[in-house]
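Peer 1: Pasting in a structure now, in structure tokens, and then I'll have a few things to ask.
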Amino acid sequence: MNNNSIKDIITQYPQVGEFLKLNGVDCANCLVGTCLLKDILTIHNYNEEVQEEIYSHIDKLISGESDEMIIFEHVQEEIALQPIIKKLMDQHQIILQIVYTIEFITSQKYFNVKFEKELKQLLEYVSNYADKQHHLLEEDTLFKDYQNEAINVMFEEHDMGRNYIKQAKLNFDDEDILKENLLAYTNLLKDHIHKEDTILFPYLNTICEKDYQFTTNQAIEDEVVAYLSDFNNKLFTI
Amino acid sequence: MKQKLKQWPIQIKLIDPNHPAFNENDLLIAADCCAYADSEFHQKFSENTILIGCPKLDDIDYSIKLKEVLTNNDIKKVTVVRMIVPCCYGIENMVRNAIKESGKDIELETYVIGIEGDLVEQ
């Protein structure tokens, strides 16, 4: 059972999904869901002793021996973030600003005409900053070195995002298709970043022993931040 | 309409993190503009203990005080109501950070109000 994907288990045994959610493991809402049960608790930083207790309780929930929704103790030690993880998490904040700006634009009528120039610029930042700077840095370092099924989900979500943006660019003149792809992208990215910030990166921070030397393109990062700030300020003078 | 305000003050900057109202109700954290933008705001949300702030104009990080509120009180659910303008996501972000920093399993629900006062996302 521990080698089954979490989505399959939750689909077959919804009570397991409810129990895991109660313990802060909200896999039912994941867009991919191919992580294995055996990896899930490790990635969520449960110690081995508590993991055994949780697996034992899941067995009881599945067999019907228990229907009790127990909350297990989850103590997380605070560890200083490694430089690469700190940098990636800081970049998340900038990417989220892009995401929320795109969401605002898509909420407006005739947005692909009214905000054509701004939206095209933001889509370039998605490709050249969020993807080529940020996602590739993740993929070329931590994700390559610590690959497991959970990290495969992150790779898959990066590809899903690239496809939504490709479709958005191809269908820029069709407001409905454009909006559908942009909102699919923003919803994916918000969920993806939340998982990385709260689960995956804290886990990688505890196991990563490599001192990554990395460089980032500070010029494009500064340009994105300045553009978003300028866009925000202009909004209040429209 | 019946008076339903659960506590005073309501500004995040002014509230005492140990105010007794925090242990009696779910918590609602709203951006300043929301109650004026959405004409039904009070009918929809005033069953909660309400805190308000503006992430663009208030020059502070709410997550520090909100972490104290969440840590010191038995709060099961936080609802965030914000405007759709990009600067307003900051209030949601600060609440997310506060929940994370509190180390508690607290449910978060977000409502987003459009600039014409309509509910655009839940």
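Peer 1: What is the percent carbon and sulfur in the accessible area of chain B, measuring with a 1.4 Å probe over the protein chains and ignoring ligands? Kindly include the intermediate steps, with their values, before the conclusion.
Peer 2: On the way: 3050 of 6180 Å².
So the carbon and sulfur contribution to the accessible surface is 49 percent.
Peer 1: Percent of accessible area on chain A owned by carbon and sulfur, 1.4 Å probe?
Peer 2: Exposed carbon and sulfur together represent 48 percent of the surface.
Peer 1: Hey, another quick one. Run the reach check for A:Lys114 against lysines, Cα to Cα strictly under 28 Å, same-chain hits fewer than 8 apart removed. What comes back?
Peer 2: A:Lys132, A:Lys166, A:Lys169, A:Lys179, A:Lys190, A:Lys234, B:Lys56
Peer 1: Could I have the simple spin-label model distance between A:Asp191 and A:Thr215, label points 7 Å from Cα toward Cβ, reported in nm to one decimal?
Peer 2: Between A:Asp191 and A:Thr215, the label points sit 3.7 nm apart.
Peer 1: Continuing with this model, one more query. Using a Gaussian network for chain A with springs between C-alpha atoms less than 10 Å apart, which of these wobbles most: A:Leu119, A:Leu204, A:Leu170?
Peer 2: Looking only at A:Leu119, A:Leu204, A:Leu170, the largest GNM fluctuation is found for A:Leu170.
Peer 1: Using a 1.4 Å probe and counting only protein heavy atoms, arrange A:Lys169, A:Lys109, A:Lys117 so the residue with the most accessible area comes first.
Peer 2: On the way: A:Lys169 85, A:Lys109 140, A:Lys117 170 Å².
Largest accessible area first, the list is A:Lys117, A:Lys109, A:Lys169.
Peer 1: Which percent, nearest 5, of DSSP beta bridges in chain B are antiparallel?
Peer 2: The antiparallel proportion sits near 10 percent.
Peer 1: Could you pull out every whole DSSP H run in chain A that spans at least 18 Å of Cα extent along its own axis and averages 0.0 or higher on the Kyte-Doolittle scale?
Peer 2: Membrane-span-like by this rule: A:83-106.
Peer 1: I'd like the mean, over residues of B:82-91, of how many other protein chain beta carbons sit within 10 Å of each residue's own Cβ.
Peer 2: So the per-residue partner count for this stretch is 6.
Peer 1: Quick one: order A:Glu124, A:Glu52 from most to least accessible surface, probe 1.4 Å. Intermediate values should be presented prior to the final figure.
Peer 2: Values: A:Glu124 80, A:Glu52 120 Å².
Per-residue accessible area, sorted high to low, gives A:Glu52, A:Glu124.
Peer 1: Moving on. Using only the Cα atoms, what convex hull volume per residue in Å³ does chain B have?
Peer 2: Taking only Cα atoms, chain B has a hull volume of 93 Å³ per residue.
Peer 1: Still on this structure: Please identify, among B:Cys34, B:Cys87, B:Cys54, the residue showing maximal mean-square fluctuation in a Gaussian network model of chain B using a 10 angstrom Cα cutoff.
Peer 2: Of B:Cys34, B:Cys87, B:Cys54, the most mobile in the Gaussian network model is B:Cys87.
Peer 1: Report, by chain and number, residues whose modeled amide H sits under 5 Å from the one on B:Leu51, excluding near sequence neighbours (fewer than 5 apart, same chain).
Peer 2: The list, which skips near neighbours in sequence, is B:Leu28, B:Ile29, B:Ala30.
Peer 1: Between B:Tyr36 and B:Asp105, what FRET efficiency follows from the Cβ-Cβ distance if R0 is 30 Å, with the result rounded to 0.05?
Peer 2: 0.35
Peer 1: With the other protein chains left in place, how much accessible area per residue, in square angstrom, belongs to the range B:15-111 at a 1.4 angstrom probe?
Peer 2: On a per-residue basis, 44 Å².
Peer 1: In sequence order, what are the phi-derived ³J(HN,Hα) couplings for the range B:67-79 according to the Karplus relation 6.51 cos²θ - 1.76 cosθ + 1.60 with θ = phi - 60°, rounded to whole Hz, with x for glycine and proline?
Peer 2: 4, 4, 4, 6, 6, 7, 10, 8, 10, 8, 9, 10, 10
Peer 1: Would you mind getting the accessible area per residue of the range A:23-106, heavy atoms of the protein chains only, 1.4 Å probe, in Å²?
Peer 2: On the way: 4060 Å² over 84 residues.
With the other protein chains kept in place, the range A:23-106 gives 48 Å² per residue.
Peer 1: Turning to a different aspect of this structure: Whole-Hz Karplus ³J(HN,Hα) for the range B:107-122, in order, using 6.51 cos²θ - 1.76 cosθ + 1.60 and θ = phi - 60°, x for Gly and Pro?
Peer 2: 5, 10, 10, 10, 10, 10, 10, x, 6, 9, x, 8, 6, 9, 7, 9
Peer 1: Select from A:Leu170, A:Leu137, A:Cys208 the residue farthest towards the positive end of the dipole of the range A:110-238; place +1 on Cβ of Lys and Arg, -1 on Cβ of Asp and Glu, and compute about the Cα centre.
Peer 2: It is A:Leu170, whose Cα lies furthest towards the positive end.
Peer 1: Now a separate question. Could you compute the net charge surrounding B:Glu109? Neighbours are other residues with a C-beta less than 10 Å from the C-beta of B:Glu109; K and R count +1, D and E count -1.
Peer 2: Local net charge: -1.
Peer 1: Please calculate the 1.4 Å probe accessible area of B:Met83, with all protein chains present, and give it to the nearest 10 Å².
Peer 2: 20 Å²
Peer 1: Run the 1.4 Å probe and let me know the accessible area of A:Lys144, rounded to the nearest 10 Å².
Peer 2: Surface accessible to solvent at A:Lys144 totals approximately 130 Å².
Peer 1: Can you tell me how much longer the chain between A:Asp173 and A:Ala80 gets when fully stretched, taken as 0.36 nm per residue apart minus their C-alpha distance, in nm with one decimal?
Peer 2: Contour length minus the Cα-Cα distance gives 28.8 nm.
Peer 1: Another question, if that's okay. If you bin every alpha carbon distance in the protein assembly as shown into 10 Å steps from zero, what whole percent lands in each bin?
Peer 2: With 10 Å bins starting at 0, P(r) equals 5, 22, 30, 28, 14, 2, 0.
Peer 1: Could I ask something else about it? Write down the Kirkwood hydrodynamic radius of the range A:36-169, to one decimal in angstroms, obtained as one divided by the mean of 1/r over all alpha carbon pairs.
Peer 2: Details: mean 1/r = 0.0546 Å⁻¹.
Value: 18.3 Å, from the Cα pair sum.
Peer 1: Got a sec? Which residues of the range A:216-238 lose 10 Å² or more of accessible surface with every protein chain in place, vs. that chain alone, 1.4 Å probe?
Peer 2: A:Asn232, A:Asn233, A:Leu235, A:Phe236
Peer 1: Here is a further query. Interface size between chain A and chain B, please: total buried accessible area, 1.4 Å probe, rounded to the nearest 100 Å².
Peer 2: Numbers: alone 12700 and 6950 Å², together 18210 Å².
That pair of chains buries around 1500 Å² in total.
Peer 1: State the answer as a single residue: which of B:Ala21, B:Trp8, A:Met154 lies farthest towards the positive end of the charge dipole of the protein assembly as shown, with beta carbon charges of +1 for Lys and Arg and -1 for Asp and Glu, about the Cα centre.
Peer 2: So the residue furthest toward the plus end is B:Trp8.
Peer 1: Ordering B:Ser39, A:Ser56 by how much accessible area each has at a 1.4 Å probe, largest first, what is the list?
Peer 2: B:Ser39, A:Ser56
Peer 1: Provide the net charge surrounding A:Asp230, with neighbours chosen by a C-beta distance below 13 Å and charges set as Lys +1, Arg +1, Asp -1, Glu -1.
Peer 2: My count for the surroundings of A:Asp230 gives -1.
Peer 1: Any chance you could look up the accessible area of A:Ile177 with a 1.4 Å probe, heavy atoms only, rounded to 10 Å²?
Peer 2: 60 Å²
The values are calculated or read from the model by the stated rules, or taken from the named source; none is laboratory data. Keep in mind the model is a prediction, meaning the values are calculated, not measured. Using ideal geometry, Cβ is built from the backbone for each residue, glycine included, and neighbour counts are taken over all protein chains shown. Just so you know, the surface numbers come from the protein's heavy atoms only, side chains and all, with ligands and any DNA or RNA stripped out. Shrake-Rupley method; radii C 1.70, N 1.55, O 1.52, S 1.80 Å.
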